[in-house]
1. Is it the case that region 9-30 has a residue that's surrounded by fewer than 10 Cβ atoms within 10 Å (Cβ to Cβ), at pLDDT 75 or above and aliphatic (A, V, I, L, M)?
2. Which of the residues that make up region 46-61 are surrounded by fewer than 17 Cβ atoms within 10 Å (Cβ to Cβ) and over 25 Å from Pro120 (Cβ atoms)?
3. Give me the strands (runs of 3 or more DSSP E) completely within region 49-110, filtered to those with at least 3 residues that are in contact with a Ser or Thr (Cβ under 9 Å, 6 or more places away or on another chain) and either assigned by TED's automatic domain parsing to the domain that holds Phe13 or modelled with pLDDT under 85 (or both), ordered by residue number.
Amino acid sequence: MENKARIKTECAFVILMQGMQPFVHNVFENTFLLINISSYTMQCGGQPLQSNCTFCLLDISAKCSFQAGNVFVPRISDYNFTGMSHTEPQYLVNLAVLIHLFDDDQLQTITGNSTFPTTPAITLPPFSFYTHTLSDAFVENPQVKLNLSKASEAVRQDQELLHHLGQAIITGRVEIPYRFFLTVPGILLQVISILVGLLVLNNLYITYKLKQTLLLCAVLQSQQKARN
């Protein structure tokens, strides 16, 4: 679907903080998706070709072998090939991010399956994340997920991205309504809460006394029967 407006409004995307690892995935036939590959080696009978790729598609011929870290794709054809069979990677863009940061008229020539012979020169606005020295003293889950729609809106307004409510309170974006309890509704709420608490305690006390009275009556009745 190439309707960018519907993709933006009807699809939910998240940003994984520190969650993107080097990744190689076979998309179909001899085409592989490479993500965050700092170095790979492809050999097609002659000298090995070394390159890198952050986000691209790469066709690996059956006459070639490929290795990136601990990922290895062996050559499956024994055909004695001496010519050049290396293919250049086709670079991709993250359209989900672009449609949240740019207007539709700026993305008219880019579709979901657009590929480029070189890394596209697209300048994204900076993502500024809130940090505090006290954060080092807390044990937090490093796999933080941020809503792309809210994050892109904050970037457009040149605001820092916040991970949770605590950061919003510290920065002052969310105010704690502590003065509510000094207003008339707040005072009434406190009085009612105290009265309800007293009623609950009174009920517990009456129940306790009633059990003691019933127990005493049972003891007196058993003593009366023993005398008769």
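The values are calculated or read from the model by the stated rules, or taken from the named source; none is laboratory data. Since the structure is predicted, the reported quantities are computational estimates derived from the model, not experimental observations. Neighbour counts are summed over all protein chains in view; Cβ atoms, including those assigned to glycine, are modelled from backbone coordinates with ideal geometry.
1. yes
2. Residues satisfying the conditions are Gly46, Gln47, Pro48.
3. 49-59, 65-68
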